[in-house]
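Notes to accompany the following structure.
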Amino acid sequence: MSVHNFNSGPSILPLPVLEQSAKAIHDFNGTGLSILEIGHRTSHFQMVLDSAISSVKRLMHLDDQFEVLFLHGGATTQFMQVPMNLLDQDQTAAYCDNGIWGNKAYKEAAMFGNPVLASSSADKSHTYIPKHLNIPANAKYLHITTNNTVEGTQWHEYPNVEIPLIGDMSSDIFSREADFKKFSLIYAGAQKNMGAAGVNMLVVKKDILGKIQRKIPTIMNYQKHIEAGSLMNTPPVFAVYVSMLTLQWIEQEGGLAEMGRRSQERADLLYNTIDSLPIFQAKVATEDRSQMNAVFFIEDESLQNLFLDQCKEAEFVGVKGYRTVGGIRVSMYNALPLSSVKAMADLMQDFAKKHG
Ligand SMILES: *Cc1c(COP(=O)(O)O)cnc(C)c1O
């Protein structure tokens, strides 16, 4: 029996990426050295970095106004690094509080400036995305979480704003085509949809930098990382390598258009199954449903536990909802085959027949 990997992150990676990574652990590109042993200032690693950056620029259709960085730390590091680089202590920035990750970003910003809420969905347990935003005239930027991994909501159309737009895309990066040029800064922890844990990918529009008075520690300074070409210190070499392989895989499979087609196909199958079976309830507003993370419930808690037990028996991994939300969460990232969603839909049908 094969495992179906619905993990929310770290999560499923394409098989060719795992195979190539395994090979590179033993011998990286015929160098006789492991990818874990090569110097980060060698031409070997420079090629990895250059290739990853080129893939990102091609996939997102970015021009020279944008820089791509691969930096240490998870997306959580960016919750502080963004305001540290873009906000002086007396300046305002607007944040959308649409889930636990966006809320954390908002709270961290208070250490560096004056964040205000442009919207909050806390009134309905973050089951929707408010489209009306209150942005103060003096706000330096607007921060959104494009996909709310825990609550299962997703921005399907990005807001149009006059100020720099910043997106935490950790859980839907490279899952579909979009107008990425709307953003002045995009960040994503790699471990959900583009690689292994330990590295952040950043896309930065250069004209937003260098506008504040604060002294920024060198290792936190975006400008210095750009000048150093993501090589200020030793980068997470292996994590960057896995991202490079995943980016190449995305391009070979047909790019973001194809990733988007697959995301839609998986999500349609799963949500149609939920909607056709009254025992399962998705509480998220239909138009805001996430294509990446479907969150749903069975009202009777003992039945819900029974369902989770059956998922375990069937070797469906990672389907228990986040601890603060409960219920069931099925994460469907780029590398998840449609057959895994079919297997889940079949189990749900069977379960509904017996217990619905
Ligand atoms: C997982 C996640 C984070 C936190 O990522 P870390 O790499 O663990 O710091 C932040 N934002 C979003 C949207 C996430 O899904």
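The values are calculated or read from the model by the stated rules, or taken from the named source; none is laboratory data. Computed from a prediction, not measured in an experiment: that's the story for all the values here. Neighbour counts run over all protein chains shown; Cβ positions are idealised from the backbone, glycine included.
Before moving on, here are some points about what is shown:
- Among all positions in segment 274-293, there is at least one residue which is charged (D, E, K, R) and in a loop (DSSP other than H, G, I, E, B).
- Filter pass, Ile216 being touching a Phe, Trp or Tyr at 6+ places or on another chain (Cβ under 6 Å), under 21 Å from Tyr106 (Cα atoms), outside any helix (DSSP H, G or I) and touching a residue at least 60 places away in the same chain (Cβ under 8 Å): no
- Looking only at segment 60-111, residues that are charged (D, E, K, R), away from the ligand (no atom under 12 Å from the Cβ) and under 17 Å from the mean Cα position of the chain (by Cα) come to 1 in all.
- Residue in segment 231-245 that is more than 21 Å from Ala196 (Cα to Cα) and over 18 Å from the mean Cα position of the chain (by Cα) present: no
- Summed over segment 315-334, residues that are in contact (Cβ under 8 Å) with a residue 60 or more places away in the chain and not acidic (Asp, Glu) total 13.
- So Lys140, is it basic (Lys, Arg), out of contact with any helix residue (DSSP H, G or I) (no Cβ under 7 Å at 6 or more places or on another chain) and more than 16 Å from the ligand (Cβ to nearest atom): no
- If only residues of segment 186-202 that are more than 11 Å from the chain's Cα centre (by Cα) and within 21 Å of Gln20 (Cα to Cα) are counted, the one that is farthest from the ligand (Cβ to nearest atom) is Ala196.
- Top-ranked residue in segment 145-179 [being more than 10 Å from the ligand (Cβ to nearest atom) and aliphatic (A, V, I, L, M); ranked as surrounded by the most Cβ atoms within 10 Å (Cβ to Cβ)]: Ile166
- Long-range neighbours under 9 Å by Cβ, at least six apart or interchain, first residue closer than 22 Å to Glu251 by Cβ and not assigned by TED's automatic domain parsing to the domain that holds Pro217 within segment 61-85, second at pLDDT 95 or above and in a helix (DSSP H, G or I): none
- The condition of being buried (at least 20 other Cβ atoms within 10 Å of the Cβ), at positive phi and not in a helix (DSSP H, G or I) does not hold for Gly30.
- Residues of segment 113-133 that turn out to be without any contact (Cβ under 8 Å) to a residue 40 or more places away in the chain and assigned to a loop (DSSP other than H, G, I, E, B), as a count: 7
- Criterion: within 20 Å of Ala75 (Cα to Cα) and surrounded by 17 or more Cβ atoms within 10 Å (Cβ to Cβ) - qualifying residue of Leu256, Leu245, Leu202: Leu202
- Some residue of segment 4-13 being under 13 Å from Val237 (Cα atoms) and aromatic (Phe, Trp, Tyr): no
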